[in-house]
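The values are calculated or read from the model by the stated rules, or taken from the named source; none is laboratory data. None of the values given here were measured: they were computed from a predicted structure. Every residue, glycine as well, gets a Cβ built from its backbone with ideal geometry; the counts of neighbours run over all protein chains shown. We work out accessible area using only protein heavy atoms, side chains counted, and drop any ligands, DNA or RNA first. Shrake-Rupley method; radii C 1.70, N 1.55, O 1.52, S 1.80 Å.
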Amino acid sequence: MSCPGHEDFIAFFAVLCNVIILLQMAEQIPFSIAESLLTKLASFVSQEISLVYGFTKDLRRLESTLSSINAILLDAEKKQEESHAVKVWIKRLREVVYDADDLLDDVATEGLRRKVEIQGRMVRKVCDFFSSSNQIAFRFKMGHRIKDIRERIDEVAKEMSSLGFISRKELEVDMPVKNSWRETDSFVEGSEMIGRDGDKEKIIESLLCLENEESVSVVAIVGFGGLGKTALAQLVFNDNNVIKHFDPKMWVCVSEEFDVKILVKNILKSVGKKDLDDLGLDQLQSNLREKIEGKRYLLVLDDVWNENIDKWNNLKKYLSIGARGSKILVTTRSKRVALAMGADFSHDLAVLTEGQSLFLFKKLAFKEGQEISNSKLKIGEEIVRKCKGVPLAIKTLGSMMRSISSESEWLSVLKNDVWKLLEGKSDIGPVLKLSYDHLPNYLRQCFAYCAMFPKDYNFGKEMLIELWMAQGYVHSWSQSGNKSLEEIGDEYFKELLFRSFFQKEGYNYKMHDLIHDLAQSIAGNRCIVANDNSKDVADEIQHMYFEALPSEEYLRKLEGKGLRSLNFSDGLGISSDGIISNFKSLRAFCIRRWDIIELTDSIGKLKHLRYLQMSAVYKIKSLPNSICSLYNLQTLILMDCWALKELPRDLRKLVCLRHLDIAYCDSLECIVPIPKYSSSFSSASTTTFFPSLKFLDLLNCPNLKGWWRTWKDAEPLPQFACLSQLIIVDCPNLTLMPTFPSLEKELWLCNANIRPLDQTLNVKMMGATASALPSTSSSPSSSVAAPLSKLKSLVLEGIENVASLPGEWMRNLTSIEYLQISRCPNLTSLPKEMCHITTLQELNIDHCPHLSERCGHHEAADWSNIAHIPNIVIDGRDIQKEGCYLLEEEGSSSSTEQE
């Protein structure tokens, strides 16, 4: 039976969530928390809502007030750009909504703690937790907070009438207005193009290629705004070889709107047709047929945003009647557009080199024949470096500098921020902003969050996704199926990468300086990169990155600001207690190079924390057990903590932990000091052992011997219920750890002991019952499955004590797709059971002399066991590719040449 006040509490937060969903529509408020609130709300049905019982009246008043705000918020979103008063009003509303999120998170955390304590059978603490004084104290505190939020929302509501809002009952989604300034044509002044000769040759070569059997094929030029995609397309369009090869040639600027009827009409206008306004689509396509049927044509579709394959196919059916060799040249900011259009060739447009950039700048900034002073030239070089190779930025600044004569004015330009110079004075601002305007709402907040990082900051994909998750930006929608939050976040990341907001930088990623400026302009004062000269602190600040050690005075200014991200690149000399106790709303906390011997117990007060990274905290030997009170923690990263010997004894209480990364902890001998269980693990208790952990990385811990310091051999090892990826690298002494029979994604054993794998493969799988803890975790399958039967990728490297791979292993690997065996000198053969693994797509053997000899060609001893594998690489050489045996082909070709 529902307890009194339950429905009111649910109703209050349902309305609150609706308000926040609408808040995320506003550009000035890109940081949505709607989905995280909805997720918590759904879980409250099974929790003790009686903790807030007694506040029915307050909750009903809140519901009424929020309903009124909800009705006018759409109008407020439309008016905020023109009204400072509206911006201030939305700012106050946002602040109270974030406070409400903290309140809801507190209630959810209390419920989660209750479950953890019960499952841990900690009877004394459970009794204390359920004591009446405990509940009364909590409800008293909760009552004050609800009352405070209600009064603040009442104040916000009173201001609505003076702002002249109109009630909008239905969600209005306006299509972006087509910007006339983006209209393009096919003309270009070739002499203005610098550094694009190589790009031009590649595009023309792909256009003139006749190898494609289809009558019409697509070529794409991809890159972010301002790189010169349109100018390059114009250059290609007017090339003599292209003019001779194609007839007719057509140019259409598509921009935001991808309407088939309008596009067909504009294509016809491009070839001189008139009086088309009154024609229907059937008449238009008939006219188009007359113009292009049986002819080898070139159509340029400039500035395409559409990623809908169906819309493209609707247009393509009218274009597929050209002669073989017809081409459609597309310019776009999104690789996904090129994929949707089935591009046969996609060219990623790069920035200009420093030399090309300077040449272009000098051409525009100085009059022909003008004498250039060395001092001006040096200033010009510095200005060019700020443009980071973006042609539009260089042209804008070069043209501006042409009208500035004195060196002092040139220096003034150099000292100003490039983005501020360009803002409102050129096309570069709107060009980049247009990319942001086309992002879906859930991606806007993810992109703007990146403004927290310094310029030229290299970030890892997994790290950024986990930070998004910590802020509640990754949404698990119903249509996402069984995808994990990490998989959904990966899709978010790829979207931003495809749309050219991110660039690959080795194994990591970064943002171009101008893209970073765009993120900062959107995030405003909510994301701040601070250094030792920073003094002012904005009220709306939420996410901070410290490039250098801040002063204690500056840190005191941050108190009470409700920070949700705090990132220290260098924390030498800062008191951990002074920081932690003052920022209780943190969702993400990253610290590097802290000169501390121990971490304060107050870390346990960060109850909202989802992401904790400690890197290069060299002197710390242990972590306080209070860290195990961070029940919401999803990611724990421990890197280069050389003196760390063991982790807290109650680590298993981190039931929401999804990723544990331990790297370069040279002194670490065990994860947990002693087993916390007095009896053998039953099938029921194994499901509560780190029930959410999906990713475990153990790297370069040479002294790590096991998960526990001691363990009785007679006791069965517990199992990780949801572990999907396990990486063990350079941990040669690790022999004792929980088993991982349900592993799905990948397993790496590099310079490691084979025993954990043996222990897992010997597990007798039983039908497991799903744990009720926690709701955020996917439960293990109730059906019986062989250990590692779901594993997709296996890497075995540097394992010297293995002479053979047991056939029993191979029988289990029924889903394996990739197998790599490297530097295993004593491994003499592959079992015959490998021939039954039909899922294996690639086998890579490297520096295994015996295996190389037995698998290196079609007459080798073990070839019959692996011949069915489509791709085989041995010692870096392709033996078989896509099912074709290459050595035989090489042999026959060489003999033919000799003849």
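Some values worked out for this structure:
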| read-out | value |
| --- | --- |
| FRET efficiency, E552 to E409 (Cβ-Cβ, R0 60 Å, nearest 0.05) | 0.90 |
| DSSP bridge orientation in region 485-566 - percent antiparallel, rounded to nearest 5 | 35 |
| Long pairs among K619/K745; K395/K455; K202/K249; K115/K712; K712/K790, criterion Cα-Cα beyond 26 Å | K619/K745; K115/K712; K712/K790 |
| Nearest-0.05 FRET efficiency for E715 and F459, computed from C-beta distance (R0 41 Å) | 0.45 |
| Sum of side-chain charges, N374 neighbourhood, beta-carbon under 12 Å (Lys, Arg +1; Asp, Glu -1) | -1 |
| Residue pairs, from the table K274/K363; K376/K461; K265/K510; K244/K317, whose Cα atoms sit over 31 Å apart | K274/K363; K376/K461; K265/K510 |
| Cβ-derived FRET efficiency at R0 51 Å, S286 paired with D758, nearest 0.05 | 0.10 |
| Region 508-614: chymotrypsin sites (Phe, Trp or Tyr not before Pro) falling in loop per DSSP and having at most 14 other Cβ within 10 Å | none |
| Distance between modelled label sites at R877 and I309, nm, 7 Å Cα→Cβ extension | 4.0 |
| 3J(HN,Hα) from dihedral phi, region 536-551, Karplus parametrisation 6.51/-1.76/1.60, rounded to Hz, x for glycine, proline | 7, 10, 7, 5, 8, 4, 10, 10, 10, 10, 9, 6, 9, 4, x, 6 |
| Alpha-carbon centroids, region 492-546 and region 233-303: separation in whole Å | 40 |
| Percent accessible area from carbon and sulfur atoms, region 207-356, protein chains only, probe 1.4 Å | 43 |
| Anchor K557: lysines whose Cα lies under 23 Å away (excluding residues fewer than 8 positions away in-chain) | K91, K535, K584, K605, K607 |
| In Hz, Karplus ³J(HN,Hα) per residue of region 843-848 (6.51, -1.76, 1.60; θ = phi - 60°; x = Gly, Pro) | 10, 10, 10, 9, 6, 10 |
| Added length on full extension, which subtracts the Cα-Cα distance from 0.36 nm per residue, R92 to S399 | 106.3 nm |
| HN-Hα J in Hz across region 834-839 - Karplus 6.51, -1.76, 1.60, θ = phi - 60°, x for Gly and Pro | 4, 5, 8, 8, 7, 7 |
